[in-house]
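First comes the structure, then the notes that go with it.
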DNA sequence: GCCAACGTTGGC
DNA sequence: GCCAACGTTGGC
């Protein structure tokens with residue numbers, strides 16, 4: 001899951017313990033949270049749009065999906081006037097801090113053959129939430145985060 | 001700031 | 001339904 005550290009960094013998550021993953025306004029990314037993720041699923045916390053993009057820590061899905069409250073808040077940057085209370089358009093999950101890791105910077109991620117097909121690394125990928133295969137998860141957590 | 005690679009919008 | 005124009009993401 002990508003986050004701009006200016007908005008929510010791994011340190012912010014460590015301080016808060018849990019964060020609602022607000023602000024996703026892309027249907028594919030929403031579908032991952034709403035339809036694919038399960039309570040307890042592992043999360044690679046990725047810092048994007050910053051001086052050193054890369055994986056900065058581990059987290060965990062800590063809620064079932066529920067409507068993103070910011071879509072109904074006219075004062076929010078994420079307000080969606082077309083979304084109705086009775087048919088919310090945007091869902092999210094809560095994400096719980098697990099631990100910080102040494103930063104695995106984007107150029108380093110690109111060097112590993114085992115990660116060659118990782119969705120987040122694909123050319124032109126802009127999705128803020130992408131799936132990680134079990135093999136990719138094992139490779140990153142076991143080999144790189146000892 | 002640039003630009004590739006999308007996704008969304010809206011006219012038709 | 002098509003597609004051009006526009007907006008966004010995100011690395012560099």
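Taking the stretch A:46-69 on its own, how many of its residues are buried (at least 18 other Cβ atoms within 10 Å of the Cβ) and more than 13 Å from the chain's Cα centre (by Cα)?
Number of matching residues: 3.
Are any residues in the stretch A:113-129 touching a helix residue (DSSP H, G or I) at 6+ places or on another chain (Cβ under 7 Å) and in a loop (DSSP other than H, G, I, E, B), and if so, which ones?
Within the stretch A:113-129, A:118, A:125, A:127, A:128, A:129 qualify.
Going through the stretch A:1-17 one residue at a time, which ones are closer than 19 Å to residue A:69 by Cβ and more than 13 Å from the chain's Cα centre (by Cα)?
Passing the criteria: A:12, A:16, A:17.
Which of (1) more than 22 Å from residue A:140 (Cα to Cα); (2) out of contact with any helix residue (DSSP H, G or I) (no Cβ under 9 Å at 6 or more places or on another chain); (3) within 16 Å of DNA strand B (Cβ to nearest atom); (4) in a loop (DSSP other than H, G, I, E, B) does residue A:75 not meet, given it meets every other one?
Status for residue A:75: all satisfied but (3).
Got a sec? Which of A:43, A:132, A:24 is assigned to a loop (DSSP other than H, G, I, E, B), away from DNA strand B (no atom under 15 Å from the Cβ), touching a residue at least 40 places away in the same chain (Cβ under 8 Å) and surrounded by 15 or more Cβ atoms within 10 Å (Cβ to Cβ)?
A:132
Every number in this text was worked out from the coordinates using simple rules, so none of it is lab data. What you see is a predicted model; the values in this text were computed from it and never measured. Counting neighbours? That spans all protein chains shown, and the Cβs are built from the backbone with ideal geometry, glycine included.
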